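The values are calculated or read from the model by the stated rules, or taken from the named source; none is laboratory data. These numbers were taken from a predicted model, which means no experiment stands behind them. Note that we place each Cβ from the backbone using ideal geometry, even for glycine, and neighbour counts take in every protein chain shown. With ligands, DNA and RNA removed, areas are computed over all heavy atoms of the protein, side chains included. Shrake-Rupley method; radii C 1.70, N 1.55, O 1.52, S 1.80 Å.
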Amino acid sequence: MRSKLLSFRRSTVLATALASCLTAGVAQAEVDTIHFLIPGGAGGGWDGTARGTGEALQKSGLVETISYENLSGGGGGKAIAHLIEVAEQSEDTLMVNSTPIVIRSLSKVFPQSFRDLTPVAATIGDFGAFVVKADSEYTSFNQLADAYLENPRSVTVVGGSARGSMDHLVAAQAFKAAGGDPRMVKYLAYDAGGKAMAGLLSGEADVLSTGFSEALALAEAGEVRILAMTGPERSSAAADVPTLKELGYDATFVNWRGFFAAPGLAESKRDEFIAVLEKMYGTEEWAKVRDRNGWAEDFRPGDEFVAFLEQQEQEIGDLMRELGFLR
């Protein structure tokens, strides 16, 4: 009898230990599900940011289930309108966005602004970059700037965003710093970075204005060269790429990227998203994604993010008026 009792106790202890291990494995995930809504097509900065963040969150075990949805159109406005429309069914959704949500709202590309959503957090900073085909006649940004100064219409710029938005704005800022008229930029707009890249490779344009992380991925394929980037200093991800400033042009640009949730989201759910994104920064999986893309960490959660967006709205509005994109 005593032997049976001991056997029962051992079985109970083993079962309890096994249950504890299984529970610990399940509890490792901070959030059960995140669905990333991406306002542009494949190959763009939004797509790369959402999928890179999702990769880090899932591989580190912080989020159990990750899914993605690309919903391009209207300069990002289609995805914003969709998220607002289905807000009550979208408490697990995070929409990636960046500086263009401010620019396109100011430009009236779409009627909404960040105030119509729940700002969760800015997470990274990505710089601008100027990219040419590997066999381009332009081997430096100085040559490109000189050609623009001689005849602005001889230089065609392509970008993965609409006219008057970020890729256009960054190019205008750079040529203005070179002494040119920023209003004269000949710009071809595409709805995503991948499509803009195809336009460059097909010969429709001389230079692609894009995010630095996107440019790195393109350069690794060997089809393009990066002439310059817009950071304050060179990046360790591509130490051979000069900054505009070191080439003699007083221009820098940093594009934040981050995440928004549906309007009316409970504060507790917003804080849950913030907590898991903050915890992500300490993982090896995130470090690999960050370094691979040449991103700078720029974490601005919750109310701090809202204050930052309000400041950006003022500063970018002033710059757009100066460059002739707003009256």
| field | Qualifying residue in the stretch 51-64 (condition: modelled with pLDDT of 95 or more, assigned to a strand (DSSP E or B) and closer than 24 Å to Asp298 by Cβ) | value | yes
| said: Suppose we filter Val132, Val157, Val120 for residues that are β-branched (Val, Ile, Thr), in a strand (DSSP E or B) and out of contact with any helix residue (DSSP H, G or I) (no Cβ under 7 Å at 6 or more places or on another chain); which single one remains? | reply: Val132
| remark: Residue count, the stretch 231-248, condition out of contact with any Lys or Arg (no Cβ under 9 Å at 6 or more places or on another chain) and not charged (D, E, K, R), comes to 7
| task | Need at least 1 residues that are farther than 23 Å from Glu137 by Cβ and at pLDDT below 95 per element, so show me which strands (runs of 3 or more DSSP E) inside the stretch 160-254 make the cut, counting only ones lying wholly within it. | result | 186-189, 207-211
| How many of the residues making up the stretch 27-50 are in a loop (DSSP other than H, G, I, E, B), touching a strand residue (DSSP E or B) at 6+ places or on another chain (Cβ under 8 Å) and either surrounded by fewer than 18 Cβ atoms within 10 Å (Cβ to Cβ) or not small (Gly, Ala, Ser) (or both)? | 4
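Output yes when any residue across the stretch 147-160 is over 23 Å from Arg300 (Cα atoms), open to solvent by 10 Å² or more (accessible area, probe 1.4 Å) and under 17 Å from the mean Cα position of the chain (by Cα), and no when none is.
Kept after step one, since they are over 23 Å from Arg300 (Cα atoms), are these residues of the stretch 147-160: 147-160.
If we keep only those that are open to solvent by 10 Å² or more (accessible area, probe 1.4 Å) as well, we get 147, 149-154, 156, 160.
Filter once more, so that each one left must be under 17 Å from the mean Cα position of the chain (by Cα): 160.
Checking the stretch 147-160: at least one residue is over 23 Å from Arg300 (Cα atoms), open to solvent by 10 Å² or more (accessible area, probe 1.4 Å) and under 17 Å from the mean Cα position of the chain (by Cα).
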| Members of the stretch 70-102 that are in contact with a Leu (Cβ under 7 Å, 6 or more places away or on another chain), open to solvent by 50 Å² or more (accessible area, probe 1.4 Å) and not in a helix (DSSP H, G or I) | Glu91
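In the stretch 267-283, is there at least one residue being open to solvent by 80 Å² or more (accessible area, probe 1.4 Å), modelled with pLDDT of 95 or more, small (Gly, Ala, Ser) and not in a strand (DSSP E or B)?
From the stretch 267-283, those open to solvent by 80 Å² or more (accessible area, probe 1.4 Å) are 267-268, 278-279; that's our starting set.
Subset that is modelled with pLDDT of 95 or more: 267-268, 278-279.
Now drop any that are not small (Gly, Ala, Ser), which leaves 268.
Adding the requirement that they be not in a strand (DSSP E or B) leaves 268.
Yes, the stretch 267-283 contains a residue that is open to solvent by 80 Å² or more (accessible area, probe 1.4 Å), modelled with pLDDT of 95 or more, small (Gly, Ala, Ser) and not in a strand (DSSP E or B).
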| modelled with pLDDT of 95 or more, farther than 22 Å from Ala307 by Cβ and aliphatic (A, V, I, L, M), is that true of Ala17? | no
